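Notes for the one structure printed next.
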Amino acid sequence: MGTQIRLVLYASDKEKADSVSVLAFQRIDELNTILSDYLVNSELNLLCVKKPGTYEVSDDLYRVLKKADSVSKLTEGAFDVTAGPLIGLWRKARMTKKMPGQTELSITRERVGYNLLQLTAPNKVRLNVEGMRLDLGGIGKGFAADEVIGILEMNGIFSGLIDMGGDIRVSGPPPEREYWILGFSYFDRQGKECFQKIKLKDGAVATSGNLYQFVEINGIKFSHIINPKSGLALKDGIQVTTISRYAAEADAFASAFSVIGLDPSILRDADYQHLEVFMTNQSTTGYEQWESSGFKQFLMPE
């Protein structure tokens, strides 16, 4: 998965804890061979080199794409797994520290758009244009975290935590506790890094933004997050933390809201069931901070 993974669980004895942990990491390895953008022979990459047409995919890949399609529609394309060509373009820009050319951007954008990927039937997908490239970086780790918790519960372990490089899913709380104590960092109005503790059980939390992952080109900081519509990397210092029932949703919506930006009117009007959001944004017009009405219930007192 290209990240550090931490699994915490409470079991009746060490033997059971060890055996279930092995099952959990075997499942992660299996999903990595399916969803990875970096493994040449992953199912995802083998699909991406095919010509336009309809292809049958594994149940796991179909389920991830189905979830992604749902978030894409709800966010009107702010989250888009077809953004792979643009992501590749900006990976090159981060290495060379040179902006992509306008012509190159325009040509690349023609291969991006969630409507270009269609789920035509159970376990079948249609690629509609040449040169499409799917990237599950904004949902794959969350999906894997959900699968791990499922494995724990199927084996009688109902108190667990899986941290997939910051995408965290928990089940029931540790013994003799009411919840897990987690946390996230953000920059305040003075540019000071703050750490906020949250309490969570049977849920997930994810954070997205350019707090740590960015590149400076011509004096401007560009995030690793790409706006699928404009084709440009984000420039403002936006950060989003989402809390949801499932990690796949928290993961995907954190990326989507980073692209949508801090617009309280849009965020209030949106109907995102079981989702709470905390956002900060530092731009040329100043500092903004916003949180959904239910986010406070998860905060630990100072």
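Looking only at the stretch 90-105, decide whether some residue is within 23 Å of PHE257 (Cα to Cα), loosely packed, with under 15 Cβ neighbours inside 10 Å and not hydrophobic (A, V, I, L, M, F, W, C). Looking through the stretch 90-105, at least one residue is within 23 Å of PHE257 (Cα to Cα), loosely packed, with under 15 Cβ neighbours inside 10 Å and not hydrophobic (A, V, I, L, M, F, W, C).
If you go through the stretch 138-163 and keep only what is under 21 Å from the mean Cα position of the chain (by Cα), surrounded by fewer than 21 Cβ atoms within 10 Å (Cβ to Cβ) and not in a helix (DSSP H, G or I), you end up with just ASP163. Only one of the numbered conditions (1) within 21 Å of MET154 (Cβ to Cβ); (2) touching a strand residue (DSSP E or B) at 6+ places or on another chain (Cβ under 6 Å); (3) assigned to a helix (DSSP H, G or I); (4) not aromatic (Phe, Trp, Tyr) is not met by ASP29, and that is (2).
Among all positions in the stretch 71-88, there is no residue which is more than 20 Å from SER255 (Cβ to Cβ) and out of contact with any helix residue (DSSP H, G or I) (no Cβ under 6 Å at 6 or more places or on another chain).
Considering only residues that are modelled with pLDDT of 85 or more, part of a helix (DSSP H, G or I) and open to solvent by 20 Å² or more (accessible area, probe 1.4 Å), which ones fall in the stretch 243-302? Those that are modelled with pLDDT of 85 or more, part of a helix (DSSP H, G or I) and open to solvent by 20 Å² or more (accessible area, probe 1.4 Å): GLU249, SER255, VAL259, ILE260, LYS296, GLN297, PHE298. Within the stretch 164-204, restricting attention to residues that are of a type in the set (A, V, I, L, M) and free of Cβ contacts under 8 Å to residues at least 40 places away in the same chain, the residue that is least open to solvent (accessible area, probe 1.4 Å) is VAL170.
Residues in the stretch 106-122 that are over 22 Å from the mean Cα position of the chain (by Cα) and open to solvent by less than 40 Å² (accessible area, probe 1.4 Å): THR108, ALA121. Filter the stretch 37-59 for residues that are within 22 Å of ASP251 (Cβ to Cβ) and in contact (Cβ under 8 Å) with a residue 60 or more places away in the chain; which is surrounded by the most Cβ atoms within 10 Å (Cβ to Cβ)? So, considering only residues that are within 22 Å of ASP251 (Cβ to Cβ) and in contact (Cβ under 8 Å) with a residue 60 or more places away in the chain, the one surrounded by the most Cβ atoms within 10 Å (Cβ to Cβ) is LEU44. Filtering THR3, THR54 for residues that are in a loop (DSSP other than H, G, I, E, B) and touching a strand residue (DSSP E or B) at 6+ places or on another chain (Cβ under 8 Å) leaves a single hit, THR3.
Which of the residues that make up the stretch 205-218 are open to solvent by less than 60 Å² (accessible area, probe 1.4 Å) and over 20 Å from the mean Cα position of the chain (by Cα)? Within the stretch 205-218, ILE217 is the sole residue that qualifies.
The values are calculated or read from the model by the stated rules, or taken from the named source; none is laboratory data. Since we're looking at a predicted model, the values are computed, not measured. Virtual Cβ from ideal backbone geometry, glycine too; neighbours counted across all protein chains shown. Calculation scope for accessible area: heavy atoms of the full protein, side chains included, ligands and nucleic acids excluded. Shrake-Rupley method; radii C 1.70, N 1.55, O 1.52, S 1.80 Å.
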